[in-house]
1. Tally Lys and Arg at +1 and Asp and Glu at -1 over the other residues with C-beta under 13 Å from the C-beta of Leu114: what net charge comes out?
2. I'd like to know which of Asn349, Val326, Val336 lies farthest towards the positive end of the charge dipole of region 230-364, counting +1 on Cβ of Lys and Arg and -1 on Cβ of Asp and Glu.
3. Excluding residues fewer than 8 places away in the same chain, name every one of the lysines whose C-alpha is closer than 24 Å to that of Lys175.
4. Take the alpha carbon gyration tensor of region 277-420, find the square roots of its eigenvalues, order them as a ≥ b ≥ c, and report rounded if a/c is under 1.5; if not, report prolate when a/b exceeds b/c, else oblate.
5. Relative to the compact-globule scaling 2.2 N^0.38 Å, provide the ratio for the alpha-carbon radius of gyration of region 344-425.
6. Decide, for region 247-290, between rounded, prolate and oblate: order the square roots of the alpha carbon gyration tensor eigenvalues as a ≥ b ≥ c, take rounded if a/c falls under 1.5, and otherwise choose prolate if a/b is larger than b/c, else oblate.
7. Would you mind computing Rg(Cα) / (2.2 N^0.38 Å) for region 272-341, counting N as its residues?
8. Arranged by the count of other C-beta atoms within 10 angstrom, fewest first, what order do Glu219, Glu314, Glu397 take?
Amino acid sequence: MGFTNLILDSTSSSSGSPYELLLPVALILFLSKAISVLFKKMRMPQVIGFLVAGLIIGLVTFIPGQTILNDYTKGGIEILAKFGVVMILFSAGVETDTKAIKSVGGAAVVITSLGVIVPLALGFLVSYLFRVYGGVTDPSLEAGINPIYSDIYYGVILTATSVSITVATLKELGKLDSKVGNAIVSAAIIDDVIGIILLSLVISLSGSSSGGSDFNLLEWFIGICGGQVEGALTTLVIIANMAIFFLLSWGVGFFIRKFFNHLGKKYPHHIRIPIYSLAFCFLWAYVAQAFFQIADITGAYIAGLILSVTSPKEYIDHRAETTNNVFFVPIFFASVALKMYTANFDFSNVMFILFGLTWILVGALGKVIGAGLGAKMCKFSWRDSAIVGVGMMARAEVLIVTAQTGVDAGLVSDKIIPFTLILILLTSFVTPIFLKILYKNDLPPRLPGSEERDLPDEEEAPVEAKSDSSASLTPESK
């Protein structure tokens, strides 16, 4: 759903005063931080803490006569959450190490390709079979959209990966700098790029009016030249329009990088740099959706990629992450959790529950099989291939972003959100356990009375310190 539609829907649903939004936002920020600290001590991704905070706050809706979460405040939270998802993808783009992608060779490409194709195919197959033979229909599917695009998008959601929990575990085991560790991190970077492109492509091809604008720059140009776009030509025009956007991004990026390199040299660590970077992020997100029928989060990600090779990259990244984690990211994940209470989930719908559980199963196994098979094809040992597969299985931020984007675009049911949360929790818990089992014979025996050293709190880390940013979207989960 674009910014314009979101604001219109939010403001037209109810009237209220802006100050009413302050209390739920305060509750979200306080509980998100408090609970995420607890999960951090358990060595779990902080995003799980954000989601739990949203679930707790959502219980307020059961209080008779409560006014904390009314239509007006929930609409305001949705608007802030939209900024949050754009900021998350921008930060992911800035943190992407494009030089690492170029230097990893074919192994990471093969691992990523199969790690995307297998879960995509399995997710599509499960959705198609349950829809055709199980009678699982989605009344929320936007009118006029071919349901086959919905089936494809259920697969696209499963292509997302987030290896922050894997990186933390490999660090603890002393294996992050190994061949396997480098392969996982590099493959995860490429996975993000492919996943974001697939997301925009499917939404554009589906013709969703909620997932993008009705305006197509290339189609408009063909129209004023007297041509007409119809039938199979529509698909070609959409793909060509996306190609034009990426070419335009490459051309504009040349000048943007020069501008920011100049700022980085003349005004190092000046506040104008992150301000200009956010302005470019929002501008490019708008251009992507308004003129090219590409999801705004894709535009934000591309903007981050452009700035990822500039001299003030680290400063931009630090400022963006601070802004994200202090305000926008907790609100986004809390808003996703709040949707659990408005998803109209029907527990009597046994077929949808079976579909959701099967979807979770193929989502977890798809990455293990696909990425693991890719590693084996690149001559990794069977054990190392299994480690790569298990390492790529973990999900977190990007899965939620992709699923919520599909819901907003009218491509998938909002009833899938609880199952995405279960998939995140499941893979976050089992990934470290399986990695430690696979590495069991490589670990030195622990001395009696020895204890694991706690990871430092984020407050203890110096401002300039940067960990493996390519593998995570939020600093505390690295």
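1. Taking every Cβ under 13 Å from that of Leu114, the sum is +1.
2. Result: Val326.
3. Partners within reach: Lys40, Lys41, Lys99, Lys102, Lys367, Lys376, Lys379, Lys436, Lys440, Lys466, Lys478.
4. Oblate is the answer for region 277-420, as a/c is 1.5 or above yet b/c matches or exceeds a/b.
5. Rg over 2.2 N^0.38 Å, computed on Cα atoms: 1.30.
6. Cα axes put region 247-290 in the oblate bin.
7. Relative to the rule-of-thumb radius for its length, region 272-341 sits at 1.24.
8. Glu314, Glu219, Glu397
Read-outs throughout are calculated quantities, based only on the coordinates presented, and are distinct from any laboratory measurement. This one's a predicted model, so the numbers in the text were calculated from it and none came from an experiment. Cβ sites come from the backbone with ideal geometry, for glycine too, and all protein chains shown count toward neighbours.
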